[in-house]
Amino acid sequence: MSQKNLKIKIENFLFKSSGKLKFNSKEVKKNDVFIALKGNKFHGHNFIKDSIKNGAKYAITEIQDSRLDKNKVLFVKNSLIFLRNVSIRKRIAFKNKIIAITGSIGKTSLKETLKFFLSSHLDVSASIKSYNNYLGLLISLVNINLNSQFGIFEIGTNNFNEIKKLTKILNPHQVIITNIYPTHLKNFKNLKNIAYEKGDLFNPKYNSNLQLLILKNSNTDDKYLINLAKKNMTKNLVTWGSKKNSDFHLKNIKLINQKSSVTSINHKKELIKIKTSTNIEHQIINLLITFILFKFNTLNTNIFFNKIIKPPLVDGRGKIHRIKIKSKVINFIDESYNASPVSMLNAIKYYNDYPLKKNQKKFLILGEMLELGVKKNLYHKLIVDEVAKTNINFIFFSGKYYKKILNRKNLLLHKNIYHMSTENIMKNINYKIHNDDIILIKSSNATKLNKLAKKLINKEK
């Protein structure tokens, strides 16, 4: 088969199918297409043979290699350009609703919540894991099912001008900005810059498809985005939050018991109550945003309320595992995917309030927060101060920023607060932990604690 014919065949296969493109050879299954991309350490070209052994129907690479089967392996000038061309073709062909989610924290958990509720009665495609950068968007678009009624995508950024680049490709109909918090401050410097960057998702210069914009309405940075949307004359701007002038005014959250709550919302003089088996604030907010999506899209809200009792938990973002360490079976709360000052504080509060059974103990393991720029020491000190107020039994910090602060505040060995390497943390815990105790890990994704969390999950009972 000629390379020209093979290219047409692969493009048509990807266009008609969904979920078939992979760039990790370990994830390849029968009849998948493996695309070899340049990584930080290796080029995916090195794993083409592995992908074919795992069942790949085709492979794509930008490195010429006469040893490979030219009936199965397509040689292109640039793998990313090939990927972009197919993704744009599929985006143009997709005629139903595209939802884009961005924000400082909570993108993935909201995406999974929306997918959980919408897919109960509709066909839904969604980006997997946390694929929210340029490459992630291209892969997610190539893998979209053209018959889905909704496509849900995360949009992320850690520098200027990235959102507009993604927006021009995705052109979403409905946009949700979860929040504006101090993340990626190394590049953005301040919250206003973050808000301005996120605003490109609803800027008519880059997105001509916008039909709905959902914004938070609780603080100054939220107001900046709301004013920006009004300046752009955004249609169907819907706000939610603690301020009374919000379209969906979050009136209060009342605990029924330690594991359930009722949230009261005012909307157009109507009082709406959402009863659910969680009292974790970000999960409740995800439910509120999902409800707003149901209302705007005139979906059956009875389906929403029927499924609301147990909202989904996401790996790395609060999912609870029963794991076995040596002869002890314990509870592991995995918050290891990422960490910002706000998400750290939320996790500490949640864990401090988490109910204990008789004789149970809590172990908290905290890693460093990355990309905080000149305020990194201030934010790490804030976390140390907050933890010192809790009644958590054992607290372990890992990282150089914490070490300086703990030494200066003379907190080490006080109130069972420790600082040690990731390698030594579990050795220490092994001596202290008993059956049914609880461990929570919170860290940035690129830290060693994230790898420790994955090792613990592998011990799941």
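Read-outs throughout are calculated quantities, based only on the coordinates presented, and are distinct from any laboratory measurement. Everything numeric here is computed off the predicted structure, so don't read it as measured data. Here the Cβ positions follow ideal geometry from the backbone for every residue, glycine too, while neighbour counts run over all protein chains shown.
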The chain: antiparallel DSSP beta bridges as a percent of all, rounded to 5: 35 percent
Cα-based convex hull volume of segment 3-79 per residue, rounded to whole Å³: 87 Å³
Mean Cα-pair separation over length for the chain, i.e. relative contact order, pairs under 8 Å, 6 or more apart, %: 11 percent
Prolate/oblate/rounded label for segment 1-48 (Cα gyration tensor, a/c 1.5): oblate
Peptide ranges 346-356, 111-121 listed from the most packed, as the mean C-beta count within 10 angstrom indicates: 111-121, 346-356
Sorted by Cβ neighbour density within 10 Å, fewest at the top, the residues ASP222, ASP69, ASP315: ASP69, ASP315, ASP222
Dipole magnitude (debye, nearest 20) for segment 319-457, charges at Cβ of Lys, Arg, Asp, Glu: 340 debye
Where Rh is the Kirkwood radius over Cα pairs, Rg/Rh for the chain: 0.98
Shape call, segment 359-438: gyration tensor on alpha carbons, a/c limit 1.5: prolate
DSSP-defined beta bridges in segment 94-307 - what % are antiparallel, rounded to 5: 40 percent
Distance violations [Cα-Cα > 28 Å] among LYS324/LYS451; LYS259/LYS361; LYS115/LYS381; LYS16/LYS216; LYS41/LYS432: LYS115/LYS381; LYS16/LYS216; LYS41/LYS432
Formal net charge of residues neighbouring HIS45 (Cβ-Cβ distance under 9 Å; K, R +1; D, E -1): -1
Normalised contact order of segment 94-307, rounded percent, pairs of Cα under 8 Å and 6 or more residues apart: 17 percent
Sum of -39500 (n - 2.57) over DSSP H runs of 4+, divided by residues of the chain (222 nm, nearest 500): -11000 deg cm²/dmol
Share antiparallel - DSSP beta bridges, segment 3-79, percent rounded to 5: 10 percent
Debye, to nearest 20: dipole size of the chain, +1 on Lys, Arg Cβ, -1 on Asp, Glu Cβ: 400 debye
Prolate/oblate/rounded call for segment 94-307, Cα gyration tensor, a/c under 1.5 rounded: oblate
Nearest-20 debye value, segment 72-122 charge dipole, Cβ charges on Lys, Arg, Asp, Glu: 280 debye
Nearest-0.05 FRET efficiency for LYS26 and ASN85, computed from C-beta distance (R0 25 Å): 0.45
